[in-house]
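Take a look at the structure set out below.
The values are calculated or read from the model by the stated rules, or taken from the named source; none is laboratory data. As the structure is a computational prediction, the values presented were derived from the model and not from experiment. Note that each Cβ is placed from the backbone with ideal geometry, even for glycine, and that neighbours are counted across all protein chains shown.
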Amino acid sequence: MRVRFFVRLLSVLIATAFFSAAQEPVKPALTPRIITATKQVTIFNGLERQLLQAIQKKDKAAAQAMLSEDLYIEMPDADPLPGDDWLDSVMAKDYTLKSFVVRQMSATDLGNAVVVKFDRLQEAVSKRKADSGEFFVVDVWKKDGENWKLASRYVAKVSSQPSIPKTPVKPTGKQ
């Protein structure tokens, strides 16, 4: 009877360990290496910077031209935000994007759409409160004629402490 109990207990413990470990992937460490940007990363890095610069300059027409009509912004624990409402909020007088850095970008081409993933560090103020930090962003850009338009954005704040370098970091090849 005791042996049977311990066999069952052992099988339950093994199953628990197996299933609990399989729920979340382990975050791999960042390796300091120089990675050559693909053509897609170069294109969409430029588009993401162009959009952020339009927000900095409060150039609503330039930003609007980069957005699809059916854009929604998705964030954890929030209802989807229509693109027009998001654009109005970042163009408002009480929002200032002081600085930003886009890093760790990757792009996956799906034909008429491209999924772009990146980290965005920003220093910003919204309604007199700091809106600075590090954000994990996944954007879906879709082809509209000859242009790419932001069709969907998923964004989550990772940290409230942005570590934006004061001077541009230039790779030395020794990292």
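Things worth noting here:
- Filtered residues of the range 84-98 (kept if surrounded by 15 or more Cβ atoms within 10 Å (Cβ to Cβ) and part of a strand (DSSP E or B)): Tyr95, Thr96, Leu97
- Selection within the range 109-146 - among the polar types (S, T, N, Q) and either surrounded by 17 or more Cβ atoms within 10 Å (Cβ to Cβ) or at pLDDT 95 or above (or both): Gln122, Ser132
- In summary, Ser68 fulfils each of the numbered conditions (1) modelled with pLDDT of 95 or more; (2) out of contact with any Ser or Thr (no Cβ under 9 Å at 6 or more places or on another chain); (3) over 21 Å from Phe136 (Cβ atoms) with the single exception of condition (2).
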